[in-house]
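Single-structure report; data block below.
The values are calculated or read from the model by the stated rules, or taken from the named source; none is laboratory data. Given the structure is predicted, the values throughout are model-derived calculations rather than measurements. Every residue, glycine among them, receives a Cβ derived from its backbone with ideal geometry; neighbour counts consider all protein chains shown.
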Amino acid sequence: MTRSEFSHRTRHGNIQKLKSTFWDVLVIGGGITGVGIARDAALRGLNVGLIEKNDFASGTSSKSSKLIHGGLRYLEDLKLKLVFEALSERNILRGMAPHLVQALEILFPIYQQGSSSFLKVHFGMWLYDLLALFRNVKLHKTYRSKSLLQIEPSLTPERLQGGFLFYDSFSQDARLTLQIAVSAQEAGATLSNYVKLLHFKKKGNQLCAAQVQDVLTHETFSIQAHHFVNATGPWSNTVQQLADTTNRKMVRPTKGIHLIFSKEKLPIHHALLLEATDHRVFFIIPWGDHCLLGTTDTDYTGNLDEVYATQDDVHYLLQSLNRYFPKHQITPSDITSTYAGLRPLITEPQEASYHVSREHGIIHHPCGLISIVGGKLTTYRKMAQDVMDTISNKPCRTAQTPFSPIIRSTIAYETFSREDLRYLLDHEMTLTLNDVMMRRTDFFLKSLDQGKSKVPDIAHEMSLVFHWSSERLAQEISAYQYQIELSQKWRNHLI
């Protein structure tokens, strides 16, 4: 095992180390917040381990709108602290990961029937630049209707007043999370995906160990630690209940869905921030040869491990989008794929889901568990810092320490080769077919058949490396087929 390797061999060694070490900190959850905490702790010199029951970024951290942004819409609710913090973190991330976080031009057209006046948004744009301390790619630009239609001619001109061009950033969220995980390992953290928490052990009324299971081998073992951090996002309530059943629910999950379709169907030149039929805002983002449309924001009470788009979700987004592009109507048959994720919002039962705070909170439970809830993809680093500041007196070094080693910015599905697969297996702790198809590449999201035609060859190559039995090979293919079925499940209810 070499220092730069991050493979199944690395994982095997990490499992042995997780069993035998008494950890300063054990992080539960391998999303962007969890791996961010692990990296922060390691850079402070602490002995830190991390477990994730599925794959890194398999939950919310690969199901976002893929924006690294301040949250322009939060200005309307005067969430100035949240916007300032997010813009500061956006600036840090652009500097740390220019290979993964790219500047994005976003056009915000203003129509007479909308809820925001031209003057109000104009003021908001200056405030957004001000809160970014004018460290944006460029200052925003203002357009009247005629000049705006020259740069985005597909938009409907009916009742268009003008609009604004401003700047945020775009990132492939799953690969950004993986970059942080690899860098955390390099800094000295010990991470393993596919290790599930079963229950906690206590000494008196304090947590002293986590009983876990290796999902791939079914082996159970115990991990001892001084501090236990619950960074499981939408699953935070479940982990909390394993530790202390007396506490109320901390997280209110809300569902957001996204649609992917070919850019040929909607030849836009910019990302667009638009107002939906119910006055919520949504994005349509050019993404290579595709467009990414989202998102919804509805309360969710179903299975946390099986979240998918419904017909109502798809209808809502298409109806909202098509109002703006009368000559380029997107139909259900145009959709290549969908995905859905859950936001781990802090419980505020009295608020509608769209207005629930996106700020984060840290909860110290009487049993010793520390839970981090709420927050955004953009602010993961600050969330990690705030958690670790409650544990360690040593200064946070994450903003000043470049990511190392640097992972590849993208793995192109169109030209995917055996060499690409070996890279994923050796350097990105890729263990299952779902890892390859859904998070390490864009087969699942962008390929017309969602990668079905490539599955036999890729699965076969993986079976040779991992010595899978014919039964295990069939299970891997079936598991991926099920994810495709979830992505297309909304079609079963079309009339």
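Taken as a whole, the structure leaves Ile391 outside the set of residues that are over 30 Å from Asp312 (Cβ atoms), of a type outside the set (Lys, Arg), surrounded by fewer than 20 Cβ atoms within 10 Å (Cβ to Cβ) and at pLDDT below 95. Taking residues in the stretch 33-53 that are assigned by TED's automatic domain parsing to the domain that holds Pro234, and partners anywhere that are among the charged types (D, E, K, R), the pairs with Cβ atoms closer than 6 Å and at least 6 places apart or on different chains are Gly36/Arg381; Leu43/Arg397; Arg44/Lys394; Leu46/Asp24; Asn47/Asp24; Lys53/Lys196. Just one of the listed residues (Glu461, Glu419, Glu414, Glu471) is charged (D, E, K, R) and either buried (at least 20 other Cβ atoms within 10 Å of the Cβ) or assigned to a loop (DSSP other than H, G, I, E, B) (or both), and it is Glu414. Scan the stretch 14-32 for residues that are in contact (Cβ under 8 Å) with a residue 60 or more places away in the chain, under 19 Å from Phe221 (Cα atoms) and out of contact with any Lys or Arg (no Cβ under 9 Å at 6 or more places or on another chain) and the total you get is 12.
Each row is one residue, and each column tells you yes or no for (1) at positive phi; (2) aliphatic (A, V, I, L, M); (3) in contact with a Cys (Cβ under 6 Å, 6 or more places away or on another chain).
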residue: Ile370; (1), (2), (3): no, yes, no
residue: Gly374; (1), (2), (3): yes, no, no
residue: Thr378; (1), (2), (3): no, no, no
residue: Ser404; (1), (2), (3): no, no, no
residue: Thr415; (1), (2), (3): no, no, no
residue: Asp435; (1), (2), (3): no, no, no
residue: Thr441; (1), (2), (3): no, no, no
residue: Ser453; (1), (2), (3): no, no, no
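Residue count for the stretch 107-128 satisfying the condition of being part of a helix (DSSP H, G or I) and without any contact (Cβ under 8 Å) to a residue 12 or more places away in the chain: 3. Among the conditions (1) closer than 24 Å to His226 by Cβ; (2) outside any helix (DSSP H, G or I); (3) polar (S, T, N, Q), the only one that Thr33 does not satisfy is (2). If you filter the stretch 133-184 down to residues that are of a type in the set (Gly, Ala, Ser) and not in a helix (DSSP H, G or I), you find that the one that is nearest to Leu43 (Cα to Cα) is Ser171. The set of residues from the stretch 185-235 being in a loop (DSSP other than H, G, I, E, B), surrounded by 24 or more Cβ atoms within 10 Å (Cβ to Cβ) and of a type in the set (Gly, Ala, Ser) comprises Ala189, Ala231.
In this structure, is Arg39 crowded, with 23+ Cβ neighbours inside 10 Å and modelled with pLDDT of 95 or more? Criteria met by Arg39.
If only residues of the stretch 274-292 that are of a type outside the set (Phe, Trp, Tyr), more than 20 Å from Leu448 (Cα to Cα) and outside any loop (DSSP other than H, G, I, E, B) are counted, the one that is nearest to the chain's Cα centre (by Cα) is Val281.
When the stretch 236-273 is limited to residues that are assigned by TED's automatic domain parsing to the domain that holds Gly36 and assigned to a helix (DSSP H, G or I), the one that is farthest from Thr310 (Cα to Cα) turns out to be Ala243. When you look at Gln112, is it exposed (fewer than 12 other Cβ atoms within 10 Å of the Cβ) and not hydrophobic (A, V, I, L, M, F, W, C), yes or no? It is true that Gln112 is exposed (fewer than 12 other Cβ atoms within 10 Å of the Cβ) and not hydrophobic (A, V, I, L, M, F, W, C). Checked across the stretch 374-381, the condition of being farther than 22 Å from Ser169 by Cα and either in a helix (DSSP H, G or I) or in contact (Cβ under 8 Å) with a residue 40 or more places away in the chain (or both) holds for no residue.
Okay, residues lined up against (1) more than 30 Å from the chain's Cα centre (by Cα); (2) farther than 24 Å from Lys81 by Cβ; (3) in the same structural domain as Ile330 (by TED's automatic domain parsing):
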{"residue": "Gly114", "(1), (2), (3)": "no, yes, yes"}
{"residue": "Lys138", "(1), (2), (3)": "no, yes, yes"}
{"residue": "Leu160", "(1), (2), (3)": "yes, yes, yes"}
{"residue": "Ser192", "(1), (2), (3)": "no, yes, no"}
{"residue": "Gly204", "(1), (2), (3)": "yes, yes, no"}
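Does Ile335 satisfy being within 20 Å of the chain's Cα centre (by Cα), crowded, with 21+ Cβ neighbours inside 10 Å and either assigned by TED's automatic domain parsing to the domain that holds Thr156 or not aliphatic (A, V, I, L, M) (or both)? Taking the combined requirement at face value, the residue does not satisfy it.
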